[in-house]
Structure formats: structure tokens, C-alpha cells
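Below is one structure, written out as C-alpha cells; comments come after it.
Any read-out appearing in this document is the output of simple, stated calculations on the displayed coordinates, not a laboratory observation. Bear in mind the structure is a predicted one, so any value in this text is a computation, not a measurement. Methodologically, a virtual Cβ is constructed for each residue, glycine included, from the backbone with ideal geometry; neighbour enumeration extends over all protein chains shown.
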Amino acid sequence: MNIAFNFKNFEPSPGLQEYAAKRFDKLSKYMSNSDNAEVVVTLSVEKTRQIADVVIDADAMHISAHERSDDMYSTIDMITDKLDAQLRKLREKMKDRRKATQGDVTMGVVSFTTEGKVHAIEESDKYSPKPMSVEEAAEQLDAMHYEFLVFLDAETERVNVLYKRKNGDYGLIDPGVSL
């Protein structure tokens with residue numbers, strides 16, 4: 001994360017520069033590709049007011065914040081808290097969007113005949129896979145007496161298929177695709 005500091009109307013102490021760099025560097029945990037992130041921090045003094053303006057450009061997001069107080073350290077704390085809240089909210093919104101785009105899974109029973117080579121879907125069912133662990137999926141598969149179960153792995157957030165093998169054990173198919 002590239003952090004550029006601009007100071008207006010005052011000469012910053014090395015301690016203030018180090019403190020500000022440390023506080024703004026903590027914001028990188030919210031960015032998936034923080035190497036390309038550009039953060040422009042403008043710290044200025046007008047009479048007795050200590051002012052901070054920050055603009056973050058990263059990962060197709062543009063966030064800005066403005067704070068002022070009587071102490072530059074508290075201004076830095078307030079603006080980093082504000083940016084932290086904005087980035088956290090944006091990250092949650094992105095997660096919700098990914099979860100909202102999850103589509104229904106369609107399962108069908110297909111019959112094959114060898115004489116006329118007719119392939120037809122006899123039955124179809126649509127549902128949204130429920131998030132659960134592999135162990136919970138195995139218990140549900142036992143309880144429902146199905147041959148397979150499509151579910152959303154709670155740990156990896158990916159669609160998986162659990163099936164019963166002929167010897168009574170279970171097989172797990174993880175295509176490596178997230179919804």
C-alpha cells in the first residue's frame with residue numbers, strides 16, 4: 001500500500017510521521033490487493049484546528065474521509081477509525097453481494113434407454129444449497145436416505161456434493177467453484 005503524506009502549514013515531527021504511517025498501514029487488512037492501493041493523506045493546521053483529509057483508491061473502490069480536532073494525534077485516530085468503519089462496511093457489502101448472487105441448484109433424474117437412445121429428464125428440483133459442514137451433510141444424507149446431497153460448505157463457502165458409495169462410505173466432490 002502506497003501512502004503519500006502531504007503536510008500543510010506545519011512541519012511534522014518524526015514521531016507524528018511514524019504514528020500516522022503505523023495507523024494508516026493497518027487499513028491494508030481490508031484490501032484484497034493492498035499492493036495497488038494508493039492512500040493520500042493530507043494533514044494541515046488552520047489556527048488551532050488540526051485537519052486530516054484522506055483519499056483511498058484501491059480495488060475498484062474510492063473512499064474519502066475528513067476529520068478535524070484540536071490535537072493532530074486525535075485527528076489521526078478519528079479519521080482512521082472512520083476509514084476502518086467505511087472499509088469494514090464496504091467489505092461486508094461485497095460479501096453480501098456475492099452471497100446474493102448464489103443461484104439455485106437444479107437436480108434432475110435422467111433416464112437412458114439403449115434401444116432408441118432417448119435421453120429425457122424425468123424429474124427436476126430447484127433449491128438453494130444450505131451452508132453446513134461436511135459432517136452435518138453426512139448426517140443429513142443418512143437421515144434423508146438419499147444417494148447424494150448438494151450443499152454449501154460453511155468453511156470454504158463452495159458448493160460440494162456428498163454421495164454414498166457402494167461400500168457404505170461417503171465420497172465428497174469439491175469442484176473448487178464458489179457461488
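So which trypsin sites (Lys or Arg not before Pro) in region 1-71 end up in coil per DSSP with only 14 or fewer other C-beta atoms within 10 Å?
Details: sites: Lys8, Lys22, Arg23, Lys26, Lys29, Lys47, Arg49, Arg68; in loops: Lys47.
Taking region 1-71 and a limit of 14 other Cβ atoms within 10 Å, the loop trypsin sites (Lys or Arg not before Pro) found are Lys47.
Which ³J(HN,Hα) values in Hz, rounded to whole numbers, follow from the phi angles of region 79-93 under the Karplus curve 6.51 cos²θ - 1.76 cosθ + 1.60, where θ = phi - 60° and Gly and Pro get x?
Result, ordered by residue: 6, 5, 5, 5, 5, 4, 5, 5, 5, 5, 5, 5, 5, 5, 5 Hz.
For the ranges 144-157, 161-174, 30-43, what's the packing order if you count other beta-carbon atoms within 10 Å of each residue, average per peptide, and put the highest first? Provide the component values of the computation, followed by the final result.
Details: 144-157: 14.3, 161-174: 11.8, 30-43: 16.1.
Ranking the peptides 144-157, 161-174, 30-43 by packing returns 30-43, 144-157, 161-174.
Would you list, by chain and number, the aspartates and glutamates whose Cα falls below 12 Å from the Cα of Lys126, excluding same-chain residues fewer than 8 positions away?
List returned: Asp104.
May I ask which of Lys29/Lys95; Lys26/Lys89; Lys26/Lys93; Lys26/Lys47 have a Cα-Cα span longer than 18 Å here? Please report the intermediate quantities before stating the final value.
Values: Lys29/Lys95 15 Å; Lys26/Lys89 16 Å; Lys26/Lys93 20 Å; Lys26/Lys47 30 Å.
Violating the 18 Å limit, Cα to Cα: Lys26/Lys93; Lys26/Lys47.
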